[in-house]
Every structure is written in structure tokens, then in C-alpha cells.
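Values quoted throughout were computed directly from the atomic coordinates according to the rules given, and no laboratory measurement underlies them. Quick caveat: nothing in here was measured; it's all calculated off a predicted structure. Cβ atoms come from the backbone with ideal geometry, glycine included; neighbour counts cover every protein chain shown.
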Amino acid sequence: MCYILSHIQKRKVLVVMASNPINEDGTKRSLQNRHVQMIAIGGTIGTGLFLGAGNSIAKTGPSIIIVYAVLGMFFFLMMRAIGEMLYASPEEHTFVAFIAKYLGMGPGVFAAWTYWLGLIFVAMAELTAISTYVQYWFPTWNTSLIQIVFLLVLGSVNLIAAKMFGEAEFWFAMIKIIAIIALIAVGLMMIFTGFKDASGVQASFGNIFHHFQMFPHGMNAFIAAFPMVFFAFQGIEFVSITIGETKNPRKVLPKAVNQTIYRILIFYIGAMVIIMSINPWQEINPAQSPFVQVFKLAGLPAAAAVINFVVLTSAASALNSAIFSAGRHLYTSAMESEAAALKPFRHVSKTGVPSGGIFLSVALMFVSPIISALPQITSAFEFVTSASSDLCILVYALAILAHRQYKKSQDFLSDGFLMPAYKITSPATIIFFAVIFISLFFNPGSVIPAVGAIIWCIGFGGSVWLRYRKPAEVPAK
């Protein structure tokens, strides 16, 4: 009976949400389907594709397609698990809230603060990238000043209203999509017209398999590509954070999550196939964007400038999403805590955004311009940024564990947006995340951040466990 009443109550809440654009906490459901779809795409596409693809191909050759396909499948399964919980409780502002709800306060607090700090450092890294891209055109401009301007502009965009963030992200994502579609279209034209480069190599799908080697630089290089591509996909979960401020969430959510796999196939794998068809994988310069190489071959002399503009908008998009997400995560953590120190971050502005959470998140991001002015600590900054990114693996794994507990709870909707074959795919996804973390040790550049992530888990995770552990039961006499 309680189970039935719970479902009836949830459906009543959803009817109210569909007719009322304002949540009970004051946040507004002003994001539309087109915003959510573009945010999902924008979260999937980053500088890892535009700039890092050449390095990935150089290390693994055509087998990089396998890496992207495998990671794409498991990220899709993770999103289906998160999507199932959000479909049942679309009033939640972040998927991390489910970790506390179904695994307990200890894991929830650990995941919330770990993910929030990770977002802060991701934003700082994107700020550093933005200043580098702007200096491509204006090399004499001050790095710190560039970062301050971008942070003030995008911070203001996030403070105005969720719809303003959605509009900004819509156009940021549109630029990236146009660039990828242009690459695929130009590449197909070059292939079907028999284009030949200066050395006489003809564009052909056969270039992918010419002198094919599964592990051209050894098994270790192949395994090391997995964490590299994993971080390229990181941010795909941002779409889940928009659901709490989306109109008709149950209508929008399944489309946004299900279409993720198609975006991965088209934008990542499709781009890789075209790039290796135009440029044989053995000849790709890992230090240069493969997009630039293809457009230059097609006769676009301004290719470098155009792609620089695209990666600039890509970095700005990632920063925009990180600000949005960090503000919501801090707000959720403050609402779930009774600590008086977090009370200011429970505030929702008249425009329906968690302004307190956004203010503090943006304020911490201002550390990035300071770091840029102190080159002697740049390596330490990169270490902390990489370590925080590594911790996302743990947060993702905790989200899957929370989903398994959700299945056993009264919240479970048997007719909801179900994760396919979860009894098999759920443990497989958790195991896969564990394998990804182990694979970090196959890449010399990732060893130190991985160790740092372990130290964070033991230090912060241990303190949280001691604070929130259940008191031992006194044996009956």
C-alpha cells in the first residue's frame, strides 16, 4: 500500500512540475528541450576531440575507434542508470544527491565535495586554456586579465537565469557541431572525389586499414589511451544536472540520454574515421589538431585560426557548464547539511538560480588567474587538476552503486526509464571504471595524479567515514 501511495504522490508532484515552472525551493524550470539537447552534446564534445585526437591516433592507430566505442558504451550505460533515478525523482538538482539518498550520508558527502572540487579545478583548467587560445591572436595580452574577463562574463550569465545559461550553451554547442559536421562533409567530398595530397596519397576509407596494427606502439600504449579518452568524455553527465530546471523533465530526459550514443558515434567515431581516411594514421602529427590538418589539405589556409576559434568556444562552453554545475552542487550540499556555515549557499535569487553556490564557486575559480601569474607552481596546479579529474571515476562508480540500491527502494518505478539489463550491465560498468583507474598506472603522466586520488580517498574519505559511520550496536545481554 505504501508503495502505491508513493507512486501516486510522485505522479502528483510531476503534474504540478509540468504546470508550474517554479520548484518548491524557488529555482525555475526555464530550460527547454533544445537547451537540454545541446547541453548534452556540449558536455560530450571538448578540446579532447579537437586538439587531443591527433595524439590519441598517433599512439593507438585505427584501434582508437575501438577505445571510443567501448568507452561510449559504458558512459551510455552510466547515463541510463543516472537517468532512471532522475526519471523517478526529477526534482533533484544533481545526480550526486542520489548517492547520499541510497548509500548514506558518508558516501554522499564524500561524493558531493569531491565532485564539486573537481568541477572547480576543471573550470580553472579551462580558464587557462581560454587564455592560451586568446593569445593566439593577441600574444601580448595579459593571461590573468583574459581569465578574469571570461570568468566575470560567464559567471554573470549563470547568475542572471538558468535560461540565459541554456542559451549561451546552446550557441557554444552549435559552433562545435558545425565544425564537426563541416569536417565530416569536407572529408567525404575529398574521399569520393579521389583527392590526393602533395605526396600522392589518395583519400580513401582504405587508409584506415592500410598496414593495420591493433597495437602499433604496444599493448601499454593501447591501454593508456583508455584514461585519455575517458577524460574526453568527462562532462557527459552535465545533462543530468539540467533536469532539475527543465520543463517536462520526464519527456526531455529519455531523449537526451538515449541520443547520447548517436552523438558519440557521429561526432567522435565519425570524425576519427574521416581524419584517418584523409591522413593515413602513420602520418598524423600528434602535436597539431587533426582538424587543422584536414582543412589545410582541403585548401583552407585559415584552418588554424578557425579551429582555434572553435576550441576557444569549446573551452568557454566547458567553463560555462562547470560554473552551472558547481553552483548547483554546492547548493544541494548546503541544503542537505545542517551546518550553519553553509546557510548562505542555500539562497536562491529572484531569478531562480542558487546565487550563493555560484558566487563561492566563481570566487574559488579566481585562483586560476593568480596561478597563471605564478609560473613556479604551474606543475602543482596541473597535478591537482588531474587528480580531481581522476576522482570523477570514483563518483561515477558510486552513482552506479546508488542506482543498485534505488532498485531495492520504494522509489523504484517498474514502468520508468529503466537501465537495460541492469543485473549484467550495472556490475560490468562498475568493474570497467575500476579497470580505467588501474589503467592510469600504464601512463607515466597519470601515475602521480592517480596516487593523489588514492591519498584523497584515504584522507578525506576516511574522515567522512569516521564522522558519519553508524554507532556500533551494543550486544544484547
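Of note:
- Environment charge of TYR133, counting only residues whose C-beta is closer than 15 Å and scoring Lys/Arg +1, Asp/Glu -1: 0
- A crude spin-label estimate for the pair MET219 and LYS350, with each label 7 Å from Cα along the Cβ direction, gives 6.5 nm.
- When PHE359, PHE121, PHE95 are sorted by how many other C-beta atoms sit within 10 angstrom of their C-beta, beginning with the fewest, the order is PHE359, PHE121, PHE95.
- Under the simplified labelling scheme, the TYR468-ILE160 pair shows an inter-label distance of 3.6 nm, with each label point 7 Å from Cα along Cα→Cβ.
- When each of the peptides 54-60, 110-116 is scored by how many other beta carbons lie within 10 Å of its residues on average, the order from highest to lowest is 110-116, 54-60.
- Extension gain, ILE370 back to PHE138 (0.36 nm per residue minus Cα-Cα distance, nm): 81.5 nm
- At 1.306 mPa s and 10 °C, Stokes D of the range 26-462 from Kirkwood alpha-carbon radius, µm² per second: 71
- Proxy reagent accessibility, fewest Cβ within 10 Å first, across TRP281, TRP137, TRP456: TRP137, TRP456, TRP281
- Between SER337 and LEU152, the FRET efficiency estimated from the beta carbon spacing at R0 = 22 angstrom works out to 0.15.
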